[in-house]
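Please read the structure below before turning to the comments.
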Amino acid sequence: MYDKPSWVLHETLWHAVEKYSAKTALVVEGIEYTYATLLHDTRCLATLLIDAGVQRGDRVAIFLDNTYAAVLSLYATLFAGGVFIIINPQTKSNKLKYILADSETKILISDSHLFSRLLPVFRAPSFIKGFFYTLTDDTSAPPEKDGCLSGELFTTVKQMEPVANLGPSLPTDLAALIYTSGSTGNPKGVMMRHHAMLFSAQSISYYLRLDHSHTIINVLPLAFDYGLYQVLMSVVQGATLVLERSFAYPAQIVKNIIAKKITVFPGVPTIYATLIGMHRRKPLTFSSVKRITNTAASLPSEYTKELHQIFPNALIYRMYGLTECKRVCYLEPELADKKPGSVGKAIPGTETFIISDAGHRCGPNEPGILHVRGPHIMAGYWKAPELSEKMLLSGYFPGERILCTQDRFKMDEDGDLYFIGRSDDIIKSRGEKVSPVEVENVLLSIKGIREAAVIGVDDELLGQAIKAFVALDDASITEHAIRKYCTDHLENFMSPKYIEIRSSLPKTESGKILKKTLT
């Protein structure tokens with residue numbers, strides 16, 4: 001007997017229940033939810049959304065922390081035929097108002113502790129017709145909006161009968177709008193179809209060698225696609241997901257890794273830097289973890305030795321991706337020590353190639369812009385056809401669109417990829433092109449430097465001068481010592497002219513260092 005295929009993203013939850021009904025699907029704030037419970041509650045919430053007027057293609061915004069309600073809301077939106085938008089709970093009112101207006105959100109789901117940021121939204125004209133909220137202990141009165149249906153989420157859901165079917169969606173319909181930083185200053189909505197997200201979740205699960213036996217911990221925000229896909233992949237495989245609100249309290253995360261016998265730990269370099277710092281003070285060992293993954297920013301090769309100490313039984317996956325296609329490539333973990341600077345080859349079912357500045361396909365060690373083919377690329381940017389045209393180019397075959405990443409790469413003789421830098425991040429100093437990533441890797445190899453960021457600043461003589469920002473674990477490290485180390489390990493034109501030591505570097509909600517604020 002063949003397994004039933006999943007045609008749309010939320011169908012994977014239905015199929016997971018057929019196989020793993022009584023199994024724990026989610027652990028949130030110490031409470032365990034089985035797959036059967038998750039599906040039942042999801043279908044009841046879907047009924048509520050349909051009763052509130054959600055029709056095929058309508059947008060539902062989820063402005064919540066990493067909670068059970070957030071997971072319910074995203075799957076319920078899909079069952080109702082809608083398009084979900086997960087907005088980071090750290091988002092301020094002006095940006096929140098922009099996203100809700102730009103997306104023409106019909107239903108908003110939030111929490112009482114975020115009401116203060118919703119007030120400006122509710123005072124402004126909008127498309128919002130329904131507002132459902134969860135209540136926390138320090139609850140206050142919810143904002144009111146004329147002509148807007150509202151109610152406490154779980155109280156209302158308990159009164160609903162579960163929706164009977166999967167809804168009207170097709171694989172080619174939009175499943176999500178994922179808002180990401182834009183060059184204009186306003187965020188841009190990346191349109192992702194069901195088939196693209198389902199493909200990505202399956203492809204990534206395959207190369208990570210995941211199955212139903214795994215327990216994944218997620219400390220990343222669900223608004224960050226790296227965090228979102230931990231939910232999607234867990235359901236695809238019938239695995240268990242331990243959902244944390246954040247990595248704000250590392251000591252508690254450490255306890256949960258041990259207590260829940262976590263087998264998969266997704267992180268970003270700033271998270272691994274924190275764990276390494278803790279390990280240096282008091283050794284950490286997580287023997288249950290079988291996979292650790294990294295994306296969002298390059299994982300410094302200098303971390304590898306201590307990561308092996310912290311996760312002695314884990315395969316280390318270095319990966320690269322962007323929201324516009326979720327994931328581009330990964331390095332086989334068996335090559336992690338042999339090729340620590342590489343992010344490997346295209347994920348299964350896709351293809352990558354590098355185009356030179358002259359317009360031809362690059363050979364080994366020739367730098368150029370990385371392009372991507374595959375079913376996982378976005379449908380375009382919401383309401384931004386001109387911007388979409390810059391990223392989605394005509395392919396080599398009739399009717400095909402390929403994704404131009406705008407990132408500079410090179411590949412080795414084996415075809416494994418190496419990230420050089422964003423095409424607009426490359427620094428031109430003394431007539432030479434300087435990759436900030438290369439300088440940052442040297443800085444991070446200095447024991448005692450926790451974080452590093454490199455930018456170019458205007459310079460009359462050099463064109464651009466290299467400026468480095470560092471945050472230290474060891475306060476005894478001096479600017480002079482850093483400068484000498486760089487001189488010893490970098491070509492002259494790559495050595496920073498300016499070095500600024502800070503207590504910490506600014507970051508986005510997803511943990512990336514925010515270079516645009518550094519001057």
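Observations
- Take each peptide in 75-86, 202-213, 29-40, count the other Cβ atoms within 10 Å of every residue, and average; sorted highest first, the result is 75-86, 202-213, 29-40.
- Across the chain the C-alpha pair distances fall into 20 Å bins from zero in the proportions 21, 55, 22, 1 percent.
- Remark: the range 280-344 projects, on average over all directions, an area of 4.7 nm² (convex hull of Cα atoms).
- Dividing the summed -39500 (n - 2.57) terms of all DSSP H runs of n ≥ 4 by the residue count of the chain sets its mean residue ellipticity at 222 nm at -8500 deg cm²/dmol.
- Mean separation of Cα contacts under 8 Å (6+ apart) over length of the range 11-195, as relative contact order %: 21 percent
- The mean sequence distance of close C-alpha pairs (under 8 Å, at least 6 residues apart), as a share of the length of the range 128-259, puts its relative contact order at 15 percent.
- Computed P(r) (all Cα pairs; the range 427-517; 5 Å bins; percent): 3, 14, 27, 25, 18, 10, 3, 0
- Packing, as the average of other Cβ atoms within 10 Å across residues, places the peptides 222-235, 397-410, 101-114 in the order 222-235, 101-114, 397-410, highest first.
- 20 Å Cα cut-off, lysine pairs counted over the range 339-444 (separation 8 or more, or different chains): 4
- Sum of side-chain charges, ARG209 neighbourhood, beta-carbon under 13 Å (Lys, Arg +1; Asp, Glu -1): -1
- When the alpha carbon gyration tensor of the range 11-195 is reduced to an equivalent ellipsoid, its three semi-axes come out at 25, 20, 16 angstrom, largest first.
- Counting only alpha carbon atoms, the long axis of helix 11-20 and the longest principal axis of the chain meet at about 80°.
- Here the relative contact order of the chain, from alpha carbon pairs under 8 Å that lie six or more residues apart, stands at 10 percent.
Rule-based calculations on the coordinates, nothing more; no lab input. Computed from a predicted model, the values in this text were never measured in an experiment. Glycine gets a Cβ as well: all are built from the backbone with ideal geometry, and neighbour counts include every protein chain shown.
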